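Here is the structure we will look at, set down as structure tokens.
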Amino acid sequence: MNGGKPVTTARLKRMKREKEPIVVITAYDYPSAMHAEAAGADVLLVGDSLGNVVLGYDSTVPVTLDDMVHHTKAVVRGAGRCFVVADMPFLTYHGSLDRTFAGAARLMQEAGAKAVKLEGGAEIADTVAALTRAGVPVMGHLGLTPQSVHQLGGYFIQGKTEAKAQKLIDDARRLEEAGVFALVLELVPEELAARVTEMLSVPTIGIGAGRFCDGQVLVFHDMLNIGRPGPKKFVKTYADVGGQIEAGIASFVNEVKQGLFPADEHAYHAEEKADGVYGPRA
């Protein structure tokens, strides 16, 4: 884990004021968190996108609170300096406040997240305000909201008409008034994201929202080409880790099939001392 002072909500707001770009990376387990922090990320987002990326679902809707707690715990173990935010999954914050508080408490007390993220605009503003009054830092999320994908009819760019753009602007204002410390803008036109970024005092984090947000977030597996992610215009592949993984596994398969692995140097012999032998790996 990297040294340095831990990132806080106050630090993130100061980064906006000082125009220092904020780097957010999704992380779903201990090694991804460890690598992202060591590389210099500011925020680790345990997104319910783990449903698509790690668990193989076709949307985020099946992800449960237990899933989020499990993965957030692993990420927290791999992070020391980064600010860890956990998504509240589908329908865990649209009913009673008691249930909402219970979910947020599990993510923060049991799993160790520093904040939670909620999708939606004016319709969840009162819930956001209640959470922030209770001391829970909340990150907002507007534009494409994956938990509503079935209602939206698919993964489409949001805010393209003037009326829809104004709705997003109004929602952003409501969320800021309710107390969010930051706002994710997903799949919105660059010009709209720039307008929202300029008008808010809290940082905006873009994903498919162009160049003018206060920070950017990408999915760990997308940027490293792990798990055969689908083509997305807003994603840049920074390393073909997936290709290297498959090539490495293919080499292992080939050597086992041909009787090349294990070789003598990989075998233990009766006369060898046990010093330095690691425990079982399988």
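Throughout, read-outs are computed from the coordinates displayed, never taken from laboratory work. Just so it is clear, the structure is predicted and the values come from calculations on it, not from any experiment. With ideal geometry, Cβ positions are generated from the backbone for all residues, glycine too; neighbour counts draw on all protein chains shown.
Side notes on the structure shown:
- Put a plus charge on the Cβ of each Lys and Arg, a minus charge on the Cβ of each Asp and Glu, and nothing anywhere else: the dipole of the chain about its Cα centre is then about 880 debye.
- Most mobile listed residue (111, 134, 33) in the chain, GNM with C-alpha springs under 10 Å: 134
- Sparsely packed trypsin sites (Lys or Arg not before Pro) within the stretch 1-92, loop by DSSP, other Cβ within 10 Å at most 10: 19
- The chymotrypsin sites (Phe, Trp or Tyr not before Pro) found in the stretch 79-112 include none that occupy coil by DSSP while having at most 11 further C-beta atoms within 10 Å.
- Relative contact order [Cα under 8 Å, 6+ residues apart], the chain, whole percent: 15
- Counted over the chain, the DSSP beta bridges are approximately 5% antiparallel.
- Expressed in Å, the radius of gyration and Dmax of the Cα atoms of the stretch 36-140 are 13.3, 40.
- Fewest-first sequence of 26, 197, 132 by Cβ atoms within 10 Å of each Cβ: 132, 197, 26
- HN-Hα J in Hz across the stretch 5-14 - Karplus 6.51, -1.76, 1.60, θ = phi - 60°, x for Gly and Pro: 5, x, 6, 10, 4, 5, 5, 5, 5, 5
- Extending 7 Å from the Cα toward the beta-carbon at both residue 96 and residue 249 defines two label points whose distance is 4.5 nm.
- Look at the dipole of the stretch 9-240 built from charges on Cβ: of 12, 108, 63, the Cα furthest out on the positive end belongs to 12.
- Among 188, 85, 46: highest mean-square fluctuation, GNM of the chain, C-alpha pairs under 10 Å: 188
- With contacts taken as Cα pairs under 8 Å at a separation of at least 6 residues, the stretch 115-169 carries a relative contact order of 33 percent.
- Relative contact order for the stretch 1-86, counting Cα pairs under 8 Å that sit 6 or more residues apart, in percent: 40
- A simple count of charges around residue 246, restricted to other residues whose Cβ falls under 11 Å of its Cβ and scoring Lys, Arg +1 and Asp, Glu -1, yields 0.
- Sparse packing (at most 10 other Cβ atoms within 10 Å of the Cβ) combined with a DSSP loop state is found for the following chymotrypsin sites (Phe, Trp or Tyr not before Pro) in the stretch 172-268: 268.
- Value of D in µm² per second that Stokes-Einstein yields for the chain, Kirkwood Rh from Cα pairs, at 25 °C (0.890 mPa s): 121
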